[in-house]
């Protein structure tokens with residue numbers, strides 16, 4: 001594979017032997033029809049099932065697929081960070097292993113970056129143009145909105161959906177922001193967007209089509225608390241100048 005590609009797709013995976021193969025196949029089928037040179041980077045986050053095995057099997061038929069391994073489970077944020085920093089693409093997109101965001105939405109997501117209107121584009125379930133074929137259970141909607149309330153007031157006001165797992169970055173923005181990142185868990189998106197605001201990157205929020213996967217691994221109470229705890233840590237880090245290159249007391 002060339003060390004230079006136009007587009008990198010980063011897929012974090014933890015115990016995803018069942019959901020991952022159809023997602024990889026669908027991504028590959030879509031990307032094959034595009035003019036861009038691409039790679040798909042799966043980052044295994046210390047899975048205890050056959051995730052690595054199914055990726056290695058898929059690599060026989062998908063030449064542009066590669067596997068990055070974390071020795072132990074560290075969290076989704078750590079996996080995405082590793083993938084973003086290991087990628088070769090001039091555009092770098094993170095998407096979830098469950099395939100909840102159709103690959104056909106990718107041109108729409110990338111449009112603001114390609115048009116030089118933003119360095120970061122984030123998929124949104126609440127922005128204009130968003131739609132869904134299968135709606136989330138009510139507890140998932142409440143979980144998402146509660147998380148966003150915490151986030152809106154503390155770190156990235158004005159962004160309607162920080163937690164959607166479909167985000168795109170220029171290579172420069174990805175290298176800069178993920179090198180700064182410290183959050184390994186659910187709130188890593190929040191940290192990256194908060195840092196992006198403070199580094200002056202333009203962020204475009206794009207309404208996308210998505211499908212809820214009822215096999216979600218979210219634990220509403222536990223994970224809401226984790227997001228709140230990590231949001232407080234991010235705020236403290238911003239205030240105390242933990243992130244290199246950022247002045248303290250900016251939050």
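The values are calculated or read from the model by the stated rules, or taken from the named source; none is laboratory data. Quick caveat, the model's predicted, so the values are computed rather than measured. Don't worry about glycine lacking a Cβ; one is built from the backbone with ideal geometry, like all the others, and counts go over all protein chains shown.
Residue-wise test of (1) within 13 Å of the chain's Cα centre (by Cα); (2) at pLDDT 95 or above; (3) more than 18 Å from residue 171 (Cα to Cα).
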| residue | (1), (2), (3) |
| --- | --- |
| 45 | no, yes, yes |
| 53 | no, yes, yes |
| 83 | yes, yes, no |
| 89 | no, yes, no |
> When you scan the stretch 178-195, how many residues do you find that are closer than 30 Å to residue 17 by Cβ and either out of contact with any strand residue (DSSP E or B) (no Cβ under 9 Å at 6 or more places or on another chain) or at pLDDT below 90 (or both)?
Replying inline: 10
>> Which of the numbered conditions does residue 71 fail, given that it passes all the others? Conditions: (1) within 23 Å of residue 187 (Cα to Cα); (2) exposed (fewer than 13 other Cβ atoms within 10 Å of the Cβ); (3) within 20 Å of the chain's Cα centre (by Cα); (4) modelled with pLDDT of 80 or more.
In response: (3)
> Which residue out of 175, 198, 229, 215 is modelled with pLDDT of 90 or more and closer than 25 Å to residue 73 by Cα?
Replying inline: 175
